[in-house]
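I have placed the structure first, in the form of structure tokens, so that the comments after it can refer back to it.
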Amino acid sequence: MSGFRVANSIRPEPTPKRKPTKNKDYLAFIHELPCCVSGRYGVEAAHLSCAATRYGHYGRGKGSKVSDRWVLPLHPDEHRRQHGMNEERFWRAARINPHVLALTIHGLWSDMGEDAAPFATAIINQTLADAGALRSREEV
């Protein structure tokens, strides 16, 4: 017999109920970043609605908001597209794991505050490059 224990459940029941964390300073930081889908500036804060329990995001209930931890910078055109279609399909088409990116950007800001902007921008650019969507300066 080995010395480890298997967890009884993959998903906690019931789903955690908490008031979403809101932070105007974090949202202001998000507005400084380029769009994580197009690389353009002039973004809106786009909250993720689709759940991803493996990352601790349990979605949002009817009429409820989601924590600002689950926000990404999206250009208004992309934000409208995100809301105009199935959200999971939107992110798959963009070839982005939005939960990992949101947690990464939030973690950088939590550790560095406003000084995190160039690091978050570099991560967004790397994400765009990985997805084959990094544009030249002339295109942006």
* Asked: Which one of Lys24, Lys19 is open to solvent by 20 Å² or more (accessible area, probe 1.4 Å), more than 24 Å from Leu134 (Cβ to Cβ), basic (Lys, Arg) and at pLDDT below 85?
  -> Lys19
* Asked: Out of (1) outside any loop (DSSP other than H, G, I, E, B); (2) farther than 27 Å from Arg135 by Cα; (3) touching a Gly at 6+ places or on another chain (Cβ under 9 Å), what's the single condition that is false for Cys50?
  -> (1)
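Restricting the search to region 110-126, which residues are more than 13 Å from the chain's Cα centre (by Cα) and closer than 24 Å to Ala51 by Cβ? Explain how you work it out, then say what you get.
From region 110-126, those more than 13 Å from the chain's Cα centre (by Cα) are 110-119, 121-122, 125-126; that's our starting set.
Scanning region 110-126 gives a single hit, Ser110.
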* Single condition Ala133 does not satisfy, out of (1) open to solvent by less than 40 Å² (accessible area, probe 1.4 Å); (2) assigned to a helix (DSSP H, G or I) -> (2)
* Verdict on Val66 being in contact with a His (Cβ under 7 Å, 6 or more places away or on another chain), surrounded by 14 or more Cβ atoms within 10 Å (Cβ to Cβ), farther than 20 Å from Ala117 by Cα and of a type in the set (A, V, I, L, M) -> yes
* Asked: For Pro73, are the conditions met, namely being touching a Ser or Thr at 6+ places or on another chain (Cβ under 8 Å) and either modelled with pLDDT of 95 or more or not in a helix (DSSP H, G or I) (or both)?
  -> no
* Check region 122-130 and report whether any residue there is surrounded by fewer than 16 Cβ atoms within 10 Å (Cβ to Cβ) and at positive phi. => no
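The values are calculated or read from the model by the stated rules, or taken from the named source; none is laboratory data. Quick caveat, the model's predicted, so the values are computed rather than measured. When we count neighbours, we look across all protein chains shown, and the Cβ atoms used for this are built from the backbone with ideal geometry, even at glycine. Areas reflect the complete protein model, heavy atoms only, side chains present, ligands, DNA and RNA absent. Shrake-Rupley method; radii C 1.70, N 1.55, O 1.52, S 1.80 Å.
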